[in-house]
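All remarks here apply to the structure that follows.
The values are calculated or read from the model by the stated rules, or taken from the named source; none is laboratory data. Computed from a predicted model, the values in this text were never measured in an experiment. We place every Cβ from the backbone using ideal geometry, glycine too, and count neighbours over all the protein chains shown. Ligands, DNA and RNA are excluded from the accessible area calculation, which covers all protein heavy atoms including side chains. Shrake-Rupley method; radii C 1.70, N 1.55, O 1.52, S 1.80 Å.
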Amino acid sequence: EFRKALSKKLNISPDNLLIGSGSTELIRMTAAVYFGPSDTVLIPQPTYGEYEISSRLVGARVIKQQMKEETDFRLDVVETEALVRRYRPKGMFMCNPNNPTGGYLPEKEFREILDIARDSLIIMDEAYASFVSEGWSALGLVEQNNLIVIRSMTKDYALAGLRLGYLVAARQV
């Protein structure tokens with residue numbers, strides 16, 4: 001019932017939704033299903049530590065892209081593209097807005113990354129998206145087949161203590 005109600009609210013098919021016990025469970029499930037010991041995962045840093053933990057739990061090699069304090073921890077898209085070309089990661093975790101820096105990636109820059117990383121699965125964590133006053137959502141881009149968007153009902157609706165999250169992706173993903 002929850003999945004049906006959420007699909008109606010988001011105007012997407014229930015087949016594009018996976019419900020989990022918080023976004024952390026969904027992050028771990030994604031890593032367990034998609035990554036393994038021979039895979040490389042790109043993770044901009046600093047960010048939510050669960051991305052690295054989940055990747056390492058399945059034996060994936062983690063490539064860290066260090067965001068710098070002198071640029072207010074903004075993601076350097078040119079560097080991201082170079083890392084994608086060099087390492088050809090099977091996946092990439094992104095957090096928008098980023099936890100803990102609060103940095104927010106504009107849609108245009110994200111689309112550039114999504115385009116250059118066509119062979120990578122991009123996991124976009126939008127757990128804190130509801131805290132951005134004039135933001136954008138990656139939900140409309142999931143049909144590109146290399147994107148998973150994870151959201152947290154806990155944060156969206158101030159449900160402290162309730163572990164409830166959802167994942168949106170193309171049906172085949």
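On the given criteria, is Glu107 modelled with pLDDT of 95 or more, within 20 Å of Tyr51 (Cα to Cα) and out of contact with any strand residue (DSSP E or B) (no Cβ under 6 Å at 6 or more places or on another chain)?
no
Identify, please: which residue in region 131-161 is of a type in the set (S, T, N, Q) and surrounded by 14 or more Cβ atoms within 10 Å (Cβ to Cβ) and is, among those, modelled with the lowest pLDDT?
In this case the residue turns out to be Thr154.
Of the numbered conditions (1) within 22 Å of Ile116 (Cα to Cα); (2) out of contact with any Gly (no Cβ under 8 Å at 6 or more places or on another chain); (3) not charged (D, E, K, R), Pro14 fails exactly one; give the number of that condition.
Result: Pro14 fails condition (1) only.
Take the residues in region 62-79 that are of a type in the set (A, V, I, L, M) and either in contact with a Cys (Cβ under 9 Å, 6 or more places away or on another chain) or farther than 22 Å from Ala32 by Cα (or both); name whichever of them is most open to solvent (accessible area, probe 1.4 Å).
Checking each candidate, the answer is Val78.
If a residue has to be open to solvent by 10 Å² or more (accessible area, probe 1.4 Å), touching a helix residue (DSSP H, G or I) at 6+ places or on another chain (Cβ under 7 Å) and under 23 Å from Gly22 (Cα atoms) to count, how many in region 104-130 make the cut?
Residues in region 104-130 being open to solvent by 10 Å² or more (accessible area, probe 1.4 Å), touching a helix residue (DSSP H, G or I) at 6+ places or on another chain (Cβ under 7 Å) and under 23 Å from Gly22 (Cα atoms): 3 in total.
Would you be able to say whether some residue in region 80-93 is in contact with a Pro (Cβ under 9 Å, 6 or more places away or on another chain), within 19 Å of Tyr48 (Cα to Cα) and surrounded by fewer than 20 Cβ atoms within 10 Å (Cβ to Cβ)?
No, region 80-93 has no match at all.
Can you tell me which residue among Val149, Val173, Val142 is assigned to a loop (DSSP other than H, G, I, E, B) and of a type in the set (Val, Ile, Thr)?
It is Val173.
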